[in-house]
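Below: one structure, written as C-alpha coordinates.
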Amino acid sequence: MWVLIWAALLLSLTERATCNNEAPAAAYNITYSPAEITPQTGLCAVIPSLTQKPSVLTPPLTEGEPATLTCIAPGICSGTPPNITWTWRGTGDNITELRDSTTIQKREDLTSIPITHFSTLTFTPSVEHHTTKVTCQVTFKGNITTEDTVTLNVTHVKEPKISGSNTVREGDTLNLTCFVDSYPPPPSITWSKNGTTALEQNISVLGALTISNMTSEHAGEYVCNAQHLNRTLTASIVVTVMYRPVILNASGCVIQAKVMTCVCVSQGVPLPLIGWLNTEEYFLTKSVLRSSVNTTIRMHVGNHTNTTVECVSINEVGRVREKLQVTHKESQGKQGEEVSKDILAMLLNPPLIAAFAIGSAFSATICCIFLCLTGKCKRCKERIPKDSDSKSSFTNVAMLACEDQQTDA
(Lines give C-alpha, C1' and ligand atoms only; values in the text may rest on other atoms or scores of the structure.)
Protein backbone atom coordinates (compact mmCIF):
# COMPACT_ATOMS: atom_id res chain seq x y z
CA MET A 1 0.00 0.00 0.00
CA TRP A 2 2.83 2.35 0.85
CA VAL A 3 4.39 1.63 -2.49
CA LEU A 4 1.16 2.61 -4.24
CA ILE A 5 1.03 5.88 -2.27
CA TRP A 6 4.60 6.76 -3.18
CA ALA A 7 3.91 5.89 -6.80
CA ALA A 8 0.89 8.19 -6.87
CA LEU A 9 2.91 11.09 -5.38
CA LEU A 10 5.71 10.58 -7.86
CA LEU A 11 3.28 10.59 -10.75
CA SER A 12 1.68 13.77 -9.53
CA LEU A 13 5.02 15.59 -9.32
CA THR A 14 5.99 14.35 -12.75
CA GLU A 15 2.79 15.62 -14.31
CA ARG A 16 3.25 19.06 -12.71
CA ALA A 17 6.77 19.38 -14.05
CA THR A 18 5.68 18.40 -17.51
CA CYS A 19 2.77 20.79 -17.50
CA ASN A 20 5.10 23.73 -16.66
CA ASN A 21 7.61 23.01 -19.46
CA GLU A 22 5.53 21.59 -22.32
CA ALA A 23 2.22 22.11 -23.97
CA PRO A 24 -0.68 20.04 -22.69
CA ALA A 25 -1.13 16.66 -24.41
CA ALA A 26 -4.43 15.17 -25.52
CA ALA A 27 -4.30 12.08 -23.22
CA TYR A 28 -1.96 9.76 -21.34
CA ASN A 29 -2.11 5.99 -20.57
CA ILE A 30 0.03 4.97 -17.65
CA THR A 31 0.43 1.34 -16.56
CA TYR A 32 2.21 0.40 -13.35
CA SER A 33 3.23 -3.24 -12.92
CA PRO A 34 5.38 -3.76 -9.87
CA ALA A 35 7.48 -6.91 -9.86
CA GLU A 36 6.73 -7.55 -6.22
CA ILE A 37 4.61 -6.16 -3.46
CA THR A 38 5.71 -6.49 0.16
CA PRO A 39 3.04 -5.89 2.81
CA GLN A 40 3.79 -4.75 6.29
CA THR A 41 4.26 -7.36 8.99
CA GLY A 42 1.01 -8.31 10.69
CA LEU A 43 -1.17 -7.35 7.70
CA CYS A 44 -2.26 -9.46 4.70
CA ALA A 45 -3.04 -8.75 1.09
CA VAL A 46 -5.99 -10.28 -0.75
CA ILE A 47 -5.01 -11.23 -4.28
CA PRO A 48 -7.94 -12.86 -6.16
CA SER A 49 -7.11 -16.18 -8.03
CA LEU A 50 -9.46 -19.16 -9.64
CA THR A 51 -6.13 -21.52 -9.15
CA GLN A 52 -6.33 -22.12 -5.27
CA LYS A 53 -9.18 -24.49 -4.35
CA PRO A 54 -10.85 -25.16 -1.02
CA SER A 55 -9.90 -28.26 0.91
CA VAL A 56 -12.61 -30.87 1.46
CA LEU A 57 -11.88 -33.32 4.29
CA THR A 58 -13.76 -36.62 4.05
CA PRO A 59 -13.60 -39.21 6.86
CA PRO A 60 -14.20 -42.95 6.25
CA LEU A 61 -17.88 -43.39 5.45
CA THR A 62 -19.94 -46.40 6.55
CA GLU A 63 -23.58 -47.00 5.76
CA GLY A 64 -25.83 -46.01 8.65
CA GLU A 65 -23.13 -44.26 10.69
CA PRO A 66 -23.28 -40.41 10.89
CA ALA A 67 -20.30 -38.59 9.37
CA THR A 68 -19.13 -34.97 8.96
CA LEU A 69 -17.54 -33.40 5.87
CA THR A 70 -15.40 -30.26 6.29
CA CYS A 71 -14.69 -27.62 3.63
CA ILE A 72 -11.88 -25.13 4.36
CA ALA A 73 -11.91 -21.95 2.27
CA PRO A 74 -8.59 -20.83 0.76
CA GLY A 75 -6.90 -17.76 2.22
CA ILE A 76 -6.29 -16.74 5.81
CA CYS A 77 -6.93 -13.00 5.62
CA SER A 78 -9.39 -10.83 7.42
CA GLY A 79 -12.17 -9.10 5.67
CA THR A 80 -15.63 -10.09 4.54
CA PRO A 81 -16.24 -13.82 5.22
CA PRO A 82 -16.77 -15.86 2.03
CA ASN A 83 -20.01 -17.66 1.27
CA ILE A 84 -19.62 -21.45 1.41
CA THR A 85 -22.22 -23.75 -0.20
CA TRP A 86 -22.51 -27.52 -0.66
CA THR A 87 -24.01 -29.25 -3.69
CA TRP A 88 -24.55 -32.93 -4.31
CA ARG A 89 -24.59 -34.47 -7.78
CA GLY A 90 -26.48 -37.75 -7.83
CA THR A 91 -27.21 -40.02 -10.77
CA GLY A 92 -27.59 -38.20 -14.07
CA ASP A 93 -27.37 -34.42 -14.06
CA ASN A 94 -29.45 -33.83 -10.95
CA ILE A 95 -27.76 -31.29 -8.67
CA THR A 96 -29.08 -30.70 -5.17
CA GLU A 97 -27.92 -27.87 -2.92
CA LEU A 98 -27.28 -29.03 0.62
CA ARG A 99 -27.47 -26.99 3.78
CA ASP A 100 -24.30 -27.00 5.81
CA SER A 101 -24.44 -27.63 9.51
CA THR A 102 -22.37 -24.66 10.64
CA THR A 103 -20.05 -22.03 9.21
CA ILE A 104 -17.31 -21.23 11.68
CA GLN A 105 -14.84 -18.35 11.66
CA LYS A 106 -11.88 -18.67 13.93
CA ARG A 107 -10.25 -15.36 14.87
CA GLU A 108 -8.32 -14.22 17.87
CA ASP A 109 -5.71 -11.46 17.35
CA LEU A 110 -5.86 -10.04 13.84
CA THR A 111 -2.25 -8.98 14.04
CA SER A 112 -0.84 -12.42 14.89
CA ILE A 113 -3.39 -15.20 14.26
CA PRO A 114 -4.78 -15.72 10.74
CA ILE A 115 -8.47 -16.26 10.09
CA THR A 116 -9.76 -19.58 8.71
CA HIS A 117 -13.20 -19.91 7.16
CA PHE A 118 -14.67 -23.41 6.94
CA SER A 119 -17.99 -25.18 6.82
CA THR A 120 -19.13 -28.60 8.04
CA LEU A 121 -21.80 -30.89 6.61
CA THR A 122 -23.14 -33.70 8.84
CA PHE A 123 -25.25 -36.49 7.33
CA THR A 124 -25.88 -40.25 7.56
CA PRO A 125 -24.39 -42.08 4.56
CA SER A 126 -26.43 -44.69 2.70
CA VAL A 127 -26.00 -46.83 -0.37
CA GLU A 128 -27.48 -44.02 -2.48
CA HIS A 129 -24.54 -41.78 -1.53
CA HIS A 130 -21.96 -44.25 -2.82
CA THR A 131 -20.00 -42.97 -5.87
CA THR A 132 -21.85 -39.66 -5.81
CA LYS A 133 -20.05 -36.34 -6.04
CA VAL A 134 -20.14 -33.56 -3.44
CA THR A 135 -18.96 -30.06 -4.33
CA CYS A 136 -17.90 -27.29 -1.94
CA GLN A 137 -18.08 -23.81 -3.51
CA VAL A 138 -16.52 -20.72 -1.93
CA THR A 139 -17.62 -17.26 -3.11
CA PHE A 140 -15.54 -14.20 -2.14
CA LYS A 141 -16.40 -10.51 -2.31
CA GLY A 142 -16.64 -9.40 -5.88
CA ASN A 143 -18.37 -12.62 -7.01
CA ILE A 144 -15.06 -14.48 -7.19
CA THR A 145 -15.67 -18.23 -6.72
CA THR A 146 -13.60 -21.36 -6.34
CA GLU A 147 -14.72 -24.93 -5.69
CA ASP A 148 -13.58 -28.53 -5.19
CA THR A 149 -15.43 -31.80 -5.82
CA VAL A 150 -14.91 -35.16 -4.12
CA THR A 151 -16.40 -38.62 -4.81
CA LEU A 152 -17.92 -40.42 -1.84
CA ASN A 153 -17.08 -44.05 -1.11
CA VAL A 154 -19.53 -45.55 1.37
CA THR A 155 -18.70 -48.93 2.93
CA HIS A 156 -21.79 -51.10 2.48
CA VAL A 157 -22.94 -54.55 1.45
CA LYS A 158 -26.18 -56.03 0.11
CA GLU A 159 -27.37 -59.61 -0.04
CA PRO A 160 -26.00 -61.51 -3.06
CA LYS A 161 -28.23 -61.90 -6.09
CA ILE A 162 -28.10 -64.76 -8.58
CA SER A 163 -28.99 -64.07 -12.20
CA GLY A 164 -29.48 -66.50 -15.06
CA SER A 165 -32.02 -69.15 -16.02
CA ASN A 166 -32.40 -71.93 -13.45
CA THR A 167 -34.27 -74.21 -15.88
CA VAL A 168 -32.26 -75.84 -18.69
CA ARG A 169 -32.79 -78.75 -21.02
CA GLU A 170 -30.72 -81.87 -20.94
CA GLY A 171 -27.57 -81.31 -23.02
CA ASP A 172 -27.67 -77.50 -22.78
CA THR A 173 -25.33 -75.19 -20.83
CA LEU A 174 -26.06 -73.68 -17.42
CA ASN A 175 -24.96 -70.04 -16.96
CA LEU A 176 -25.36 -68.45 -13.53
CA THR A 177 -23.84 -65.26 -12.12
CA CYS A 178 -23.67 -64.26 -8.46
CA PHE A 179 -23.47 -60.48 -7.95
CA VAL A 180 -22.68 -58.76 -4.67
CA ASP A 181 -23.32 -55.01 -4.39
CA SER A 182 -20.71 -53.95 -1.84
CA TYR A 183 -17.81 -51.63 -1.11
CA PRO A 184 -15.13 -52.73 -0.97
CA PRO A 185 -15.97 -55.48 -3.49
CA PRO A 186 -15.57 -59.13 -2.35
CA PRO A 187 -12.17 -60.63 -3.17
CA SER A 188 -13.72 -63.87 -4.40
CA ILE A 189 -17.03 -65.66 -4.94
CA THR A 190 -17.26 -69.46 -4.77
CA TRP A 191 -20.01 -71.93 -5.79
CA SER A 192 -21.16 -75.22 -4.26
CA LYS A 193 -23.89 -77.75 -5.03
CA ASN A 194 -26.29 -78.83 -2.28
CA GLY A 195 -24.08 -76.96 0.19
CA THR A 196 -21.25 -79.51 0.13
CA THR A 197 -19.77 -80.13 -3.31
CA ALA A 198 -17.38 -77.37 -4.43
CA LEU A 199 -17.71 -76.41 -8.09
CA GLU A 200 -15.28 -74.92 -10.57
CA GLN A 201 -16.37 -71.58 -11.94
CA ASN A 202 -15.56 -69.31 -14.84
CA ILE A 203 -12.66 -67.28 -13.46
CA SER A 204 -12.81 -64.73 -16.29
CA VAL A 205 -15.91 -63.18 -14.69
CA LEU A 206 -16.19 -62.82 -10.92
CA GLY A 207 -19.07 -64.91 -9.60
CA ALA A 208 -19.86 -66.67 -12.92
CA LEU A 209 -20.67 -70.40 -13.03
CA THR A 210 -20.81 -72.34 -16.32
CA ILE A 211 -21.67 -76.05 -16.69
CA SER A 212 -22.00 -77.53 -20.17
CA ASN A 213 -23.83 -80.68 -21.31
CA MET A 214 -26.29 -80.69 -18.41
CA THR A 215 -27.86 -83.99 -17.31
CA SER A 216 -30.53 -84.92 -14.77
CA GLU A 217 -27.74 -85.51 -12.22
CA HIS A 218 -26.87 -81.79 -12.33
CA ALA A 219 -30.28 -80.82 -10.93
CA GLY A 220 -30.25 -79.53 -7.36
CA GLU A 221 -29.55 -76.49 -5.20
CA TYR A 222 -26.61 -74.26 -6.10
CA VAL A 223 -25.15 -71.90 -3.48
CA CYS A 224 -22.81 -68.93 -4.01
CA ASN A 225 -20.59 -67.75 -1.15
CA ALA A 226 -19.05 -64.27 -0.92
CA GLN A 227 -16.73 -62.79 1.69
CA HIS A 228 -17.12 -59.13 2.70
CA LEU A 229 -14.80 -57.89 5.44
CA ASN A 230 -15.66 -60.20 8.37
CA ARG A 231 -18.98 -61.47 7.00
CA THR A 232 -19.83 -64.47 4.84
CA LEU A 233 -22.79 -63.94 2.54
CA THR A 234 -24.70 -66.71 0.75
CA ALA A 235 -27.45 -67.03 -1.84
CA SER A 236 -29.00 -70.14 -3.37
CA ILE A 237 -31.03 -71.19 -6.40
CA VAL A 238 -32.66 -74.51 -7.35
CA VAL A 239 -31.72 -75.70 -10.84
CA THR A 240 -34.13 -77.90 -12.80
CA VAL A 241 -32.96 -80.02 -15.73
CA MET A 242 -35.71 -80.88 -18.21
CA TYR A 243 -35.45 -84.21 -20.03
CA ARG A 244 -37.68 -86.31 -22.25
CA PRO A 245 -39.86 -89.04 -20.70
CA VAL A 246 -38.58 -92.54 -20.00
CA ILE A 247 -40.87 -95.58 -19.60
CA LEU A 248 -39.56 -97.67 -16.71
CA ASN A 249 -39.23 -101.47 -16.55
CA ALA A 250 -42.04 -101.72 -14.02
CA SER A 251 -44.50 -101.22 -16.87
CA GLY A 252 -46.45 -104.21 -18.27
CA CYS A 253 -49.83 -106.01 -18.66
CA VAL A 254 -51.39 -109.06 -16.96
CA ILE A 255 -54.49 -110.95 -18.23
CA GLN A 256 -56.49 -112.87 -15.63
CA ALA A 257 -60.12 -114.04 -15.81
CA LYS A 258 -60.65 -112.19 -19.09
CA VAL A 259 -59.58 -108.89 -17.48
CA MET A 260 -56.37 -107.18 -18.53
CA THR A 261 -54.58 -104.89 -16.11
CA CYS A 262 -51.85 -102.64 -17.59
CA VAL A 263 -49.43 -100.43 -15.69
CA CYS A 264 -47.30 -97.70 -17.34
CA VAL A 265 -44.68 -95.96 -15.21
CA SER A 266 -42.98 -92.96 -16.83
CA GLN A 267 -40.42 -90.48 -15.55
CA GLY A 268 -39.52 -87.08 -16.94
CA VAL A 269 -39.20 -83.34 -16.28
CA PRO A 270 -41.62 -81.63 -16.67
CA LEU A 271 -43.98 -84.32 -15.39
CA PRO A 272 -45.10 -86.29 -18.45
CA LEU A 273 -48.61 -87.15 -19.59
CA ILE A 274 -49.48 -90.81 -20.35
CA GLY A 275 -51.78 -92.05 -23.09
CA TRP A 276 -52.85 -95.51 -24.28
CA LEU A 277 -53.10 -97.04 -27.76
CA ASN A 278 -55.01 -100.11 -28.97
CA THR A 279 -57.45 -99.83 -26.10
CA GLU A 280 -61.20 -99.40 -25.92
CA GLU A 281 -63.20 -98.68 -22.79
CA TYR A 282 -61.17 -99.00 -19.64
CA PHE A 283 -61.03 -97.98 -16.00
CA LEU A 284 -58.03 -95.72 -15.15
CA THR A 285 -56.19 -94.86 -11.95
CA LYS A 286 -53.23 -92.50 -11.63
CA SER A 287 -50.61 -91.67 -8.99
CA VAL A 288 -47.69 -89.22 -8.97
CA LEU A 289 -44.41 -89.46 -7.05
CA ARG A 290 -41.92 -86.64 -7.62
CA SER A 291 -41.00 -86.83 -11.30
CA SER A 292 -42.72 -90.20 -11.95
CA VAL A 293 -46.26 -90.93 -13.08
CA ASN A 294 -47.92 -94.32 -12.52
CA THR A 295 -51.04 -94.98 -14.60
CA THR A 296 -53.07 -98.22 -14.39
CA ILE A 297 -55.92 -99.30 -16.67
CA ARG A 298 -58.28 -102.30 -16.46
CA MET A 299 -60.44 -103.53 -19.32
CA HIS A 300 -62.33 -106.63 -20.47
CA VAL A 301 -60.52 -108.55 -23.23
CA GLY A 302 -62.94 -111.49 -23.79
CA ASN A 303 -61.42 -114.44 -25.56
CA HIS A 304 -58.69 -112.42 -27.29
CA THR A 305 -55.24 -113.56 -26.29
CA ASN A 306 -53.14 -111.67 -28.82
CA THR A 307 -54.03 -108.21 -27.50
CA THR A 308 -51.23 -105.60 -27.66
CA VAL A 309 -51.18 -102.39 -25.67
CA GLU A 310 -48.90 -99.38 -26.21
CA CYS A 311 -48.05 -96.72 -23.64
CA VAL A 312 -47.28 -93.20 -24.88
CA SER A 313 -45.56 -90.66 -22.60
CA ILE A 314 -45.02 -87.04 -23.62
CA ASN A 315 -43.83 -83.69 -22.24
CA GLU A 316 -42.52 -80.47 -23.77
CA VAL A 317 -39.04 -81.94 -24.23
CA GLY A 318 -39.98 -85.08 -26.16
CA ARG A 319 -42.23 -88.12 -26.69
CA VAL A 320 -41.69 -91.85 -26.13
CA ARG A 321 -43.86 -94.83 -27.17
CA GLU A 322 -43.48 -98.46 -26.09
CA LYS A 323 -45.38 -101.75 -26.44
CA LEU A 324 -46.04 -103.37 -23.09
CA GLN A 325 -45.35 -107.04 -22.46
CA VAL A 326 -48.54 -109.08 -21.79
CA THR A 327 -48.48 -111.94 -19.25
CA HIS A 328 -51.30 -114.52 -18.93
CA LYS A 329 -52.22 -115.62 -15.43
CA GLU A 330 -54.73 -118.42 -14.70
CA SER A 331 -57.74 -117.61 -12.54
CA GLN A 332 -58.50 -119.31 -9.20
CA GLY A 333 -61.33 -121.33 -10.77
CA LYS A 334 -59.02 -122.85 -13.31
CA GLN A 335 -56.51 -123.59 -10.60
CA GLY A 336 -59.23 -125.61 -8.73
CA GLU A 337 -60.03 -127.50 -11.90
CA GLU A 338 -56.37 -128.41 -12.28
CA VAL A 339 -56.27 -129.74 -8.71
CA SER A 340 -59.34 -131.94 -9.37
CA LYS A 341 -57.72 -133.29 -12.50
CA ASP A 342 -54.61 -134.25 -10.54
CA ILE A 343 -56.68 -136.10 -7.90
CA LEU A 344 -58.59 -137.99 -10.60
CA ALA A 345 -55.38 -139.00 -12.33
CA MET A 346 -54.01 -140.31 -9.05
CA LEU A 347 -57.13 -142.40 -8.39
CA LEU A 348 -56.87 -144.00 -11.81
CA ASN A 349 -53.33 -145.18 -11.09
CA PRO A 350 -53.41 -148.84 -9.57
CA PRO A 351 -50.00 -148.74 -7.88
CA LEU A 352 -50.94 -145.55 -6.13
CA ILE A 353 -54.29 -147.01 -5.05
CA ALA A 354 -52.60 -150.15 -3.55
CA ALA A 355 -50.06 -148.10 -1.67
CA PHE A 356 -52.80 -145.88 -0.34
CA ALA A 357 -54.87 -148.88 0.82
CA ILE A 358 -51.94 -150.57 2.58
CA GLY A 359 -51.04 -147.41 4.36
CA SER A 360 -54.61 -146.79 5.44
CA ALA A 361 -55.02 -150.38 6.81
CA PHE A 362 -51.79 -150.20 8.77
CA SER A 363 -52.76 -146.87 10.29
CA ALA A 364 -56.20 -148.19 11.26
CA THR A 365 -54.71 -151.29 12.95
CA ILE A 366 -52.36 -149.22 15.06
CA CYS A 367 -55.17 -146.95 16.12
CA CYS A 368 -57.41 -149.88 17.13
CA ILE A 369 -54.71 -151.52 19.24
CA PHE A 370 -53.99 -148.31 21.04
CA LEU A 371 -57.67 -147.65 21.76
CA CYS A 372 -58.27 -151.21 23.01
CA LEU A 373 -55.33 -151.14 25.39
CA THR A 374 -56.34 -147.78 26.70
CA GLY A 375 -59.88 -148.99 27.39
CA LYS A 376 -58.73 -152.28 29.12
CA CYS A 377 -56.40 -150.41 31.41
CA LYS A 378 -59.22 -148.14 32.32
CA ARG A 379 -61.45 -151.10 33.20
CA CYS A 380 -58.69 -152.65 35.39
CA LYS A 381 -58.49 -149.47 37.35
CA GLU A 382 -62.25 -149.40 37.84
CA ARG A 383 -62.26 -152.87 39.41
CA ILE A 384 -60.02 -151.72 42.24
CA PRO A 385 -62.14 -151.19 45.39
CA LYS A 386 -62.33 -147.61 46.41
CA ASP A 387 -61.88 -148.45 50.06
CA SER A 388 -58.93 -150.81 49.50
CA ASP A 389 -55.50 -149.91 50.57
CA SER A 390 -53.50 -148.50 47.68
CA LYS A 391 -50.45 -150.24 49.06
CA SER A 392 -51.91 -153.75 49.03
CA SER A 393 -50.40 -156.46 46.85
CA PHE A 394 -53.63 -156.80 44.80
CA THR A 395 -53.60 -153.16 43.86
CA ASN A 396 -49.95 -153.25 42.93
CA VAL A 397 -50.42 -156.32 40.71
CA ALA A 398 -53.37 -154.74 38.91
CA MET A 399 -51.48 -151.53 38.26
CA LEU A 400 -48.44 -153.44 37.03
CA ALA A 401 -50.62 -155.44 34.67
CA CYS A 402 -52.03 -152.24 33.16
CA GLU A 403 -48.58 -150.73 32.80
CA ASP A 404 -47.30 -153.91 31.10
CA GLN A 405 -50.19 -153.82 28.62
CA GLN A 406 -49.49 -150.19 27.79
CA THR A 407 -45.83 -151.02 27.31
CA ASP A 408 -46.64 -153.87 24.93
CA ALA A 409 -48.95 -151.67 23.00
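Got a number for carbon plus sulfur as a percent of segment 188-289's accessible area, 1.4 Å probe?
53
Counting only C-alpha contacts under 8 Å and six or more residues apart, can you give the relative contact order of segment 170-266 as a whole percent?
In percent, rounded to a whole number, it is 25.
Give me Rg/Rg_expected for segment 180-244, where Rg uses Cα atoms only and Rg_expected = 2.2 N^0.38 Å with N residues.
Cα Rg divided by the expected 2.2 N^0.38 Å: 1.23.
When only C-alpha pairs under 8 Å and at least 6 residues apart count, what is the relative contact order of segment 260-299, in percent?
After rounding, I find 54 percent.
Of Lys161/Lys286; Lys53/Lys161; Lys158/Lys193; Lys286/Lys329; Lys258/Lys286, which pairs sit farther than 32 Å apart, going by alpha carbon to alpha carbon?
Violating the 32 Å limit, Cα to Cα: Lys161/Lys286; Lys53/Lys161.
The values are calculated or read from the model by the stated rules, or taken from the named source; none is laboratory data. These figures come from a predicted structure and were not determined experimentally. Note: accessible area is taken over every heavy atom of the protein model, side chains too, but ligands, DNA and RNA are not part of it. Shrake-Rupley method; radii C 1.70, N 1.55, O 1.52, S 1.80 Å.
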